[in-house]
Amino acid sequence: MIKKVSNKIQSVFEKNLFGVCSYFGELLGMKSSRIKVYFIYLTFLTFGSPILFYLITAFWLEHKNIFQKNHKSIWEL
């Protein structure tokens, strides 16, 4: 019972919120859980400065299609 609840909470945090660690895991070919552990260790070692990087990356992933240039040429209209 407790395992199901923790799995549901974990899936909400991974998929519905930001998905930064999942994105980097797919990009680097690593498990997202390892990236999360590295991120936690790095946060403690550098007194929380990676949190700013995480929030900027989350913003970028949320609005990625705005920053990419997907302009169609005149011939594709």
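The values are calculated or read from the model by the stated rules, or taken from the named source; none is laboratory data. All values reported here derive from a predicted model rather than from experimental measurement. Cβ: placed from backbone, ideal geometry, glycine included. Neighbour counts: every protein chain shown.
Summary table below
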{"quantity": "Residues satisfying the stated conditions in the range 42-72, i.e. at pLDDT 85 or above, exposed (fewer than 11 other Cβ atoms within 10 Å of the Cβ) and either outside any loop (DSSP other than H, G, I, E, B) or basic (Lys, Arg) (or both)", "calculated": "PHE44, LEU45, LEU52"}
{"quantity": "Residue within the range 18-36 that is modelled with pLDDT under 75, at negative phi and not β-branched (Val, Ile, Thr) present", "calculated": "yes"}
{"quantity": "Hits in the range 15-41 - residues which are in a loop (DSSP other than H, G, I, E, B) and surrounded by 10 or more Cβ atoms within 10 Å (Cβ to Cβ)", "calculated": "PHE18, GLY19, MET30, LYS31"}
